[in-house]
Structure formats: C-alpha cells, structure tokens
Amino acid sequence: MEQYVIKGGLPLVGEVEIGGAKNAALAILAAAIMTDETVTIDNLPNVRDTNVLLDAIAGIGAKVDRVDSHTVKINGSYIDCLCVDYESMKKIRASYYLLGALLGKYKQAEVALPGGCNIGSRPMDLHIKGFKALGAKVEIKGGAVSAKAEHLEGTHIYLDKVSVGATINILMAAAMADGKTTIENAAKEPHVVDVANFLNSMGANIRGAGTDVIRITGVEKLHKAEYSIIPDQIEAGTFMFAAAATHGDVLVKNVIPKHLEATTAKLLEAGCRIEEFDDAVHVVAQGSLENTQVTTLPYPGFPTDMQPQMAVVLGIAHGTSTVTESIFENRFKYVDELTRMGADIKVESNIAIINGVQQYTGARVSAPDLRAGAALVIAGLAAEGITVIDDIHFIERGYEEFPAKLREIGAQIEKVATEKEIQKFTLKVS
C-alpha cells in the first residue's frame, strides 16, 4: 500500500503552478460527448477521477484520444451504449454528470449510482426533480439511475437547496431541450460558469451562469470546440494554507484571484500577508498565526472543500477558533487523525472548537477522504518529526503530482510503498 512520508518543520518557499480544476473538468468531459463532432479540451488535470471518467466515456463507445497528459480529444459520434455501469464509476461522485449529458443528447440514460468520498449525504433528489420537470421518466433500480423521455421540454425549475451537481446536470439536459428553461436558486460556483461557457462554445445558449438564475434556450445540436479548463481554486487554496501552516513564502501561479477571495480573507484574518496579481497570489506567513471563525457556505462563501485545510492552520494559531460546517455532515473525520498529531479540537454537532497548540508532532495517520488527506499532508509539513500518511489514493483523486509540487517549494516528502522505504527516507532526512 502506497503512503506519503513527510519530514516536517521547514517553511515552504518558492513558486508553485496550479493545474486545471478537477470539479470543472469532470463536468466538461461529460458534456463533451453531447456533440457528434470532435471536442478538444486542455488544461485537464491528470488525476485519478478524470482518468476514471475518461475510461468510462470510452467504455460507452466514444472516441477518446489522449493527446498528452493535459489534453484530450473526444468524439461522441461513436457512442453505442447509453448504460454506464463501469465498475470504477462507483468510486467517483461525478459519474452522475453522464446522466444529464446522455439524457440531453439521446433522451435516454442509465448510470450506476455514484460513489466518491464519504463526507456525508449527497442525495440525487434535486437532479431527479430537474429531469422530471423537463419531461423525463426517472427510476432508481438495481443500483442505477435510469432516465428516459420522448422529448425534453423547457420549463421553470426551482432548486430547494443550492446544489452544484444538480445545477450542472439540469443545465446539460436543458441545453438540448425544446424551448426555454429557467433554473432558480442555481449554484454560482466557478466550475458551474466554466461548464456553461464550455457548452456555449459548442453552440448552446446559456445565460446567467454565476448568478442564482440561469436561463437556457435549447438548441437542436452542438458542434466541435476547443476549450481550456479554469485553474483549480481548491488546489490553489491548499498550497496557500500549506504556506501559512509552515510559516512560508509562496507564490501560487496560474490562478484566478477572484475565485480565491473567501480563502484569502480568512488567511488575512489569520495574520498572513497576501499580495494579488492578475494570475497569481503571493502568501507570506512569517509572523504568528491568529485565531478566527469560519463557516462553510456555497460560493462565494468559504468552500467546504477548504475546511479541513483551514482547520489545520487554526490548530497551530494563537487562541480559540471555531469552524462551522454547513454543507456536509461527515466533514470532520480528520479530527481524530489530527488529534494524534497533537491538535486540541473538540467537535460539537457541526462545529469544531479549536484551541491552538504550539506545534504538531509527526505521527502515523490515515487520509479519510480527498480534502482531509491534503489537510493531513499540510499538518505533516508543519509538524516536528516524521509523519506517515496511509490511504493516499484518496488524495490522488484530486491532486496531480502533489509530492513533486511540494518538493519544488522545499518540502521533504516522498511517496513510498514499504516500511523499508520509510526507514530509508527517515535516515536520509535525519
């Protein structure tokens, strides 16, 4: 079993380049099959989730040509199966995007119920509500969601709760429906805007993405396009928090600073110095870290995907901080692992009360999910001594070349597979 082994205690210093947004890429790859012409997508993150989805897209007959590790050409004209039961699809949440894409294009789809990180309940009721409103018959049977329609008819859809997945799925299905569709209380996340921009580049007619009302006028067919995925705001935020926790000085490049405003605001409150450029953010954390309060909210609020990383920073800040999780109920599973490293955190309902300690100490810990795993890496980088992190397959779902990028800014981290390799690393860095 592969692990990360980390020797902590060194400040991260230098420059790091951020890749394409995983959450945007997954929806855009699904949407690419909605035309019979060839679509070229670049700035694609080469991570496990995108590779699983590409295999599934190839599995239903679409032609997938990996030009290089960050560019892919997809042609959906060869699709010969509308049933996605690819075993690995159960490992990623975004498999459900193929429902909206296939339903929009072929008026029929069946996709295995999705998996992903166990961070809490993420029901598909809003997706199903949207598909039914457009005129589809939807059934859940044998561990799969099946949707079918004679034709899809534009309509008015109000989402009871802000949902990124449901917004994007309904957006895709409605893009090729008859007439006009309005989605109210839509999610405003940057990757919702990116998917809408991608569909528009293929000839869709979508207005209002990035606001809470999206208007879609259905078109008969979509055409070829070339598109570049936006930078990953969560990867960027992770490196910003790593700089803060290690009292470092890091220039995070290839970002859209506006997408990072909530993250930047909390780092400023925690005592960091931040300088913004057109496509980069400079984080300097040479003084002491200060306590603050954080509540996760849909965009433009503080992202739930940054909550564990923020908690790691606050765990070594002066005084008492609180982190309130309003999106997913299982997002505090990393707390037990962080406590093994010396953190003083108490969870009451959906609030973590964090009393700052002077320093973390290295320990053997296990990544419970993708973002919590990244947070434990940050804790290991800030800790005194050696940290070993198990279950790194979660982390590799969403971070490309994570150890290599960290080494470029001074981290001592290796990916290992045996106890002997851990001992060898320990001797090397001691």
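If I ask for residues that are open to solvent by 10 Å² or more (accessible area, probe 1.4 Å) and assigned to a loop (DSSP other than H, G, I, E, B), which ones from region 22-44 would you list?
Answer for region 22-44, where residues must be open to solvent by 10 Å² or more (accessible area, probe 1.4 Å) and assigned to a loop (DSSP other than H, G, I, E, B): ASP36, GLU37, ASN43.
Yes or no: region 244-251 includes at least one residue that is within 19 Å of THR296 (Cα to Cα), surrounded by 24 or more Cβ atoms within 10 Å (Cβ to Cβ) and of a type in the set (A, V, I, L, M).
Within region 244-251, the subset within 19 Å of THR296 (Cα to Cα) is none.
Scanning region 244-251, I find no residue that is within 19 Å of THR296 (Cα to Cα), surrounded by 24 or more Cβ atoms within 10 Å (Cβ to Cβ) and of a type in the set (A, V, I, L, M), so the answer is no.
Can you tell me which residue in region 395-430 is nearest to the chain's Cα centre (by Cα), limited to those that are surrounded by 22 or more Cβ atoms within 10 Å (Cβ to Cβ) and in a loop (DSSP other than H, G, I, E, B)?
GLY398
Select, from VAL84, VAL13, the only residue that is over 15 Å from ARG397 (Cβ atoms), of a type in the set (A, V, I, L, M, F, W, C) and open to solvent by less than 60 Å² (accessible area, probe 1.4 Å).
Within the list VAL84, VAL13, the selection yields VAL84.
Mind checking whether some residue in region 145-159 is modelled with pLDDT under 90, open to solvent by 20 Å² or more (accessible area, probe 1.4 Å) and of a type outside the set (Val, Ile, Thr)?
Looking through region 145-159, none of the residues is modelled with pLDDT under 90, open to solvent by 20 Å² or more (accessible area, probe 1.4 Å) and of a type outside the set (Val, Ile, Thr).
Does at least one position in region 35-42 carry a residue that is out of contact with any helix residue (DSSP H, G or I) (no Cβ under 8 Å at 6 or more places or on another chain), in contact (Cβ under 8 Å) with a residue 60 or more places away in the chain and within 24 Å of ILE395 (Cα to Cα)?
Taking region 35-42 first, the residues out of contact with any helix residue (DSSP H, G or I) (no Cβ under 8 Å at 6 or more places or on another chain) are 38, 40, 42.
Remaining after also requiring in contact (Cβ under 8 Å) with a residue 60 or more places away in the chain: 38, 40, 42.
From the residues that got through so far, the ones that are within 24 Å of ILE395 (Cα to Cα) too are 42.
Yes, because at least one residue in region 35-42 is out of contact with any helix residue (DSSP H, G or I) (no Cβ under 8 Å at 6 or more places or on another chain), in contact (Cβ under 8 Å) with a residue 60 or more places away in the chain and within 24 Å of ILE395 (Cα to Cα).
How about region 310-356: which of its residues are of a type in the set (D, E, K, R) and under 20 Å from THR264 (Cα atoms)?
Quick first cut of region 310-356, residues of a type in the set (D, E, K, R) only: 325, 329, 331, 333, 336-337, 340, 344, 346, 348.
Hit for region 310-356 is GLU325, nothing else.
Applying the selection to region 289-309, what residues are crowded, with 20+ Cβ neighbours inside 10 Å and either assigned to a loop (DSSP other than H, G, I, E, B) or touching a helix residue (DSSP H, G or I) at 6+ places or on another chain (Cβ under 6 Å) (or both)?
Residues satisfying the conditions are LEU289, THR292, VAL294, THR296, TYR299, PHE302, PRO303, ASP305, MET306, PRO308, GLN309.
Which of the residues belonging to region 199-243 are part of a helix (DSSP H, G or I), open to solvent by less than 20 Å² (accessible area, probe 1.4 Å) and within 23 Å of THR181 (Cα to Cα)? Reasoning before the result, please.
Narrowing region 199-243 to residues part of a helix (DSSP H, G or I): 199-201, 233-243.
Among the residues that remain, those that are also open to solvent by less than 20 Å² (accessible area, probe 1.4 Å) are: 199, 234-243.
The one that is part of a helix (DSSP H, G or I), open to solvent by less than 20 Å² (accessible area, probe 1.4 Å) and within 23 Å of THR181 (Cα to Cα): LEU199.
Pairs needed: first member in region 106-128, open to solvent by less than 40 Å² (accessible area, probe 1.4 Å); second member anywhere, part of a loop (DSSP other than H, G, I, E, B) and modelled with pLDDT of 85 or more; C-beta distance under 6 Å; at least 6 residues apart or different chains.
Correct list of pairs: ALA109/LEU82; CYS117/ASP369; ILE119/ARG331; ILE119/ASP369; LEU126/LEU159; LEU126/SER163.
Checking LEU98 against (1) aliphatic (A, V, I, L, M); (2) under 30 Å from LYS424 (Cα atoms); (3) in contact with a helix residue (DSSP H, G or I) (Cβ under 6 Å, 6 or more places away or on another chain), which single condition isn't satisfied?
Unmet condition: (2).
Would you be able to tell me the number of residues in region 176-192 that are on the phi < 0 side of the Ramachandran plot and either in contact with a Leu (Cβ under 6 Å, 6 or more places away or on another chain) or open to solvent by 40 Å² or more (accessible area, probe 1.4 Å) (or both)?
5
Which of the residues belonging to region 310-323 are crowded, with 24+ Cβ neighbours inside 10 Å, within 24 Å of the chain's Cα centre (by Cα) and not in a helix (DSSP H, G or I)?
Selection gives GLY315, VAL323.
Starting from residues that are open to solvent by less than 10 Å² (accessible area, probe 1.4 Å) and in contact with a helix residue (DSSP H, G or I) (Cβ under 8 Å, 6 or more places away or on another chain), keep the ones in region 383-394 and report whichever is nearest to LYS424 (Cα to Cα). Don't jump to the end; show me each part of the working.
Initial filter on region 383-394 (open to solvent by less than 10 Å² (accessible area, probe 1.4 Å)): 383, 387, 389, 392.
Remaining after also requiring in contact with a helix residue (DSSP H, G or I) (Cβ under 8 Å, 6 or more places away or on another chain): 387, 389, 392.
Numbers: THR387: 14, ILE389: 16, ILE392: 19 Å.
Top of the filtered list is THR387.
Would it be correct to say that ARG207 is of a type in the set (Lys, Arg), at negative phi and touching a helix residue (DSSP H, G or I) at 6+ places or on another chain (Cβ under 9 Å)?
On the way: of a type in the set (Lys, Arg): yes; at negative phi: yes; touching a helix residue (DSSP H, G or I) at 6+ places or on another chain (Cβ under 9 Å): yes.
Here the answer is yes, as ARG207 does meet what is asked.
Under 7 Å between Cβ atoms, at least 6 apart or on separate chains: pull out the pairs that start in region 178-196 with a residue that is farther than 23 Å from ILE229 by Cα and end on any residue that is open to solvent by 40 Å² or more (accessible area, probe 1.4 Å) and part of a strand (DSSP E or B).
ASP178/GLU153; GLY179/GLU153; LYS180/ARG215; LYS180/THR217; THR182/HIS156; THR182/ARG215; GLU184/TYR158; ASN185/TYR158
The values are calculated or read from the model by the stated rules, or taken from the named source; none is laboratory data. Just so you know, these numbers come straight off a predicted model, no measurement behind them. So basically every Cβ, Gly included, is an ideal-geometry build from the backbone, and we count neighbours across all protein chains shown. Areas reflect the complete protein model, heavy atoms only, side chains present, ligands, DNA and RNA absent. Shrake-Rupley method; radii C 1.70, N 1.55, O 1.52, S 1.80 Å.
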